[in-house]
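The values are calculated or read from the model by the stated rules, or taken from the named source; none is laboratory data. Bear in mind that the values here come from a model prediction, so they are computed numbers and not experimental data. No Cβ is skipped: glycine too gets one built from the backbone with ideal geometry, and neighbour counts run over all protein chains shown. Accessible surface areas use protein heavy atoms only, side chains included; no ligands, DNA or RNA. Shrake-Rupley method; radii C 1.70, N 1.55, O 1.52, S 1.80 Å.
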Amino acid sequence: MTKICRTDMAKLYFYHAPMNSGKSMLLLAKAYNFEERSIPYLIFKSAIDTRDEGVIHSRPLGDKPCLIIRKDELFSEKFDCYNTDVKWILVDEAQFLTAAQVDDLSDLVDYAGINVICYGLRTDFQTHLFEGSKRLFEIADSIEEIKSQCDCGKKNIFNARIDKDGHVVTEGEQIEVGAEDRYKSMCRRCYKDSVK
Ligand SMILES: [Zn+2]
């Protein structure tokens, strides 16, 4: 009988969702599940700025510490990936990863046999793919959508940035530090209506 090497079974997963759809909660639920089953895992979050304190926030499940990965770092440099018990890696804010970091994650899957689940947004406030999400759509083994509903009942697709008067903003930097609470997820139709 041929022995199946565990490196053949690992996968790169991408769970994408609009903002405020419970991504962090799903990530933490996965983490608690690993803990219950004594499965070694790591949580990473991609840092958008130096203030990032290395915590996954979730109101229902409480906060959990995580490792931070900066744009100029690779996952394979952050721990001894070829000599580890770690079986799973969970990555939050995966939209902010660089393409090189996503490729590096795929190497952990293919050569170190570590399963990787990335959680992230599909598109930015201007409705275009983030770099990390684009690369994940290109190379992930499995892609799943976490769904949430717009006020009108349709599925949320976009993450609109809202100004202090409550209007949708269409100009600006892709990542605006400190603006994390000024987003509203919307369906495509409601987004179009609100930028008219
Ligand atoms: Zn809508």
accessible surface per residue for the chain, probe 1.4 Å, DNA/RNA/ligands not counted, whole Å² -> 55 Å²
For 69-79, 94-104, 55-65, ranked highest to lowest by mean beta-carbon neighbours within 10 Å, the order is 94-104, 69-79, 55-65
Partner aspartates and glutamates whose C-alpha sits under 19 Å from that of K30, ignoring same-chain residues fewer than 8 away, are D63, D85, D92, E93, D141, E144, E145
If each part is reduced to its alpha-carbon centroid, segment 79-111 and segment 16-67 end up apart, in Å, by 15 Å
Of the listed pairs K147/K184; K134/K184; K78/K155; K11/K64, those with alpha carbons more than 26 Å apart are K78/K155
For L129, the net charge from surrounding residues (Cβ-Cβ under 12 Å; K, R +1; D, E -1) works out to 0
quick note, the chain, DSSP beta bridge pairs, % antiparallel (nearest 5) is 30 percent
Carbon/sulfur accessible area of the chain, % of total, 1.4 Å probe, equals 49 percent
Only helices counted: for the chain, with every DSSP H run of 4 or more residues adding -39500 (n - 2.57) and the sum spread over all residues, [θ] at 222 nm is -7500 deg cm²/dmol
